[in-house]
Amino acid sequence: MTTLRWGILGPGRIAPRLVRAVAACSRGELVGVASRDAGRAGAFAELHEIPRAYGSYDELLAADDIDVVYVSLPNHLHAEWTVRALEAGKHVLCEKPLALTVEQVDGIAAASARTGRIAAEAFMFLHHPQIHRAIEIAQGGALGRLELVNGSFSFFLTHPGDPRVEPSMGGGSLWDVGCYSVSFARRLAGEEPDRVGAFARFDERGVDRTFIGQLHFPGGLLAQFDSGFAARDRERLEIVGADASLVLDSPFLPAPDGPLPALSLRRGRDVAPVEVPSLDQYGAEVDDITAVILDGVEPTVTLSFSRGTIATLVDLDRAARVNAGLPLD
């Protein structure tokens with residue numbers, strides 16, 4: 001096999017970026033899209049010139065000429081349909097968060113091992129050169145002893161029917177955008193946090209609209225972050241060392257979906273830009289899983305890494321709910 005044939009489960013708001021990424025991949029082609037609404041699937045297929053549209057997810061999974069499935073469904077469906085796709089003999093790239101519980105991640109890992117198919121979480125920003133370069137600089141000692149990492153990611157979300165504010169669908173800013181800072185801090189630390197703390201503003205249905213979290217790592221690194229649906233667009237990462245700091249002004253959604261990547265090294269009031277290339281990080285994650293499947297290389301985002309992220313998010317959510325006096329499921 002030299003070319004992977006892709007199918008999309010769920011023509012949602014992120015799916016067009018996957019269309020763009022597969023189109024740019026020399027070893028991939030997009031052949032189908034599925035929705036529970038046949039009309040919606042058909043309209044998406046026509047708009048993006050996809051050969052086939054399916055009126056059910058199972059119908060796409062039954063297709064013999066689809067090798068990889070991109071799961072772009074609401075959060076609560078990620079684990080279920082990842083496992084079902086694996087069991088149908090497909091490789092899977094699933095949108096973040098991969099699951100809502102550690103047990104679900106373990107179920108995905110078991111299905112992957114059982115079927116011999118690859119499953120990976122689509123944390124696209126972890127594939128960008130600016131993230132790789134920032135971690136390389138920080139871990140290489142240029143900042144001195146690492147003290148803390150700060151992350152922010154928020155935007156206004158006002159549509160009442162959006163799955164991201166639906167409690168039964170794994171809604172909340174922590175799961176939608178707070179997860180970026182959490183995964184970055186874990187990647188930078190190279191270990192799992194041993195303590196967490198969190199507070200949140202929950203709405204009347206128990207969905208966090210604003211979240212702040214803190215992580216303590218055994219090696220001494222501290223991390224704090226905020227996420228939310230109730231403030232204007234903000235995204236930023238800062239790695240603070242004893243001697244200098246690194247600031248990423250567009251760490252999560254750089255060009256072509258946002259501003260150009262901007263990485264700067266700061267020593268007191270002196271600021272020096274760090275050159276990093278600009279590329280489509282969705283394309284980079286498609287290239288990554290393509291190489292995993294066709295060339296047998298290690299994925300950038302392993303299931304083990306995803307398991308640690310989900311475990312941390314669960315702990316943070318629980319801490320915030322306890323502090324707010326909310327019941328735990």
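The values are calculated or read from the model by the stated rules, or taken from the named source; none is laboratory data. The model shown is predicted, which means the values in this text are computed figures rather than measured ones. Don't worry about glycine lacking a Cβ; one is built from the backbone with ideal geometry, like all the others, and counts go over all protein chains shown. The accessibility values were calculated without ligands, DNA or RNA, using every heavy atom of the protein model including side chains. Shrake-Rupley method; radii C 1.70, N 1.55, O 1.52, S 1.80 Å.
A few notes on this one:
- Residues of region 131-148 classified as outside any helix (DSSP H, G or I) and without any contact (Cβ under 8 Å) to a residue 40 or more places away in the chain, total: 2
- Residue within region 156-177 that is in contact with a strand residue (DSSP E or B) (Cβ under 8 Å, 6 or more places away or on another chain), of a type in the set (Phe, Trp, Tyr) and farther than 25 Å from Leu86 by Cα present: no
- Residue check for Gly107: of a type outside the set (A, V, I, L, M, F, W, C), in a helix (DSSP H, G or I) and over 17 Å from Leu246 (Cα atoms): yes
- Hits in region 222-242 - residues which are of a type outside the set (A, V, I, L, M) and in contact with a Lys or Arg (Cβ under 7 Å, 6 or more places away or on another chain): Gly228, Phe229, Gly241
- Tallying residues that are buried (at least 16 other Cβ atoms within 10 Å of the Cβ), assigned to a loop (DSSP other than H, G, I, E, B) and among the polar types (S, T, N, Q) within region 279-311 yields 1.
- Number of residues in region 227-253 that are touching a Phe, Trp or Tyr at 6+ places or on another chain (Cβ under 8 Å), in a loop (DSSP other than H, G, I, E, B) and open to solvent by less than 10 Å² (accessible area, probe 1.4 Å) equals 3.
- Subset of region 249-282 [more than 21 Å from Ala24 (Cα to Cα) and not charged (D, E, K, R)]: Ser250, Pro251, Ala262, Leu263, Ser264, Leu265, Gly268, Val271, Ala272, Pro273, Val274
- Enumeration of residues in region 187-200 that are touching a Gly at 6+ places or on another chain (Cβ under 6 Å) and either open to solvent by less than 20 Å² (accessible area, probe 1.4 Å) or hydrophobic (A, V, I, L, M, F, W, C) (or both): Ala198
- Index of the failed condition, Ala320 passing every other in (1) more than 15 Å from the chain's Cα centre (by Cα); (2) closer than 19 Å to Glu191 by Cβ; (3) crowded, with 19+ Cβ neighbours inside 10 Å: (2)
- Test: residue in region 134-150 that is surrounded by fewer than 19 Cβ atoms within 10 Å (Cβ to Cβ) and among the basic types (Lys, Arg): yes
- Checked against the criterion of being hydroxyl-bearing (Ser, Thr, Tyr) and farther than 28 Å from Arg269 by Cβ, the candidates Ser227, Ser154 yield just one match: Ser227.
- Looking at Val196, Val207, just one residue is out of contact with any strand residue (DSSP E or B) (no Cβ under 8 Å at 6 or more places or on another chain), hydrophobic (A, V, I, L, M, F, W, C) and under 18 Å from Pro97 (Cβ atoms), and that residue is Val207.
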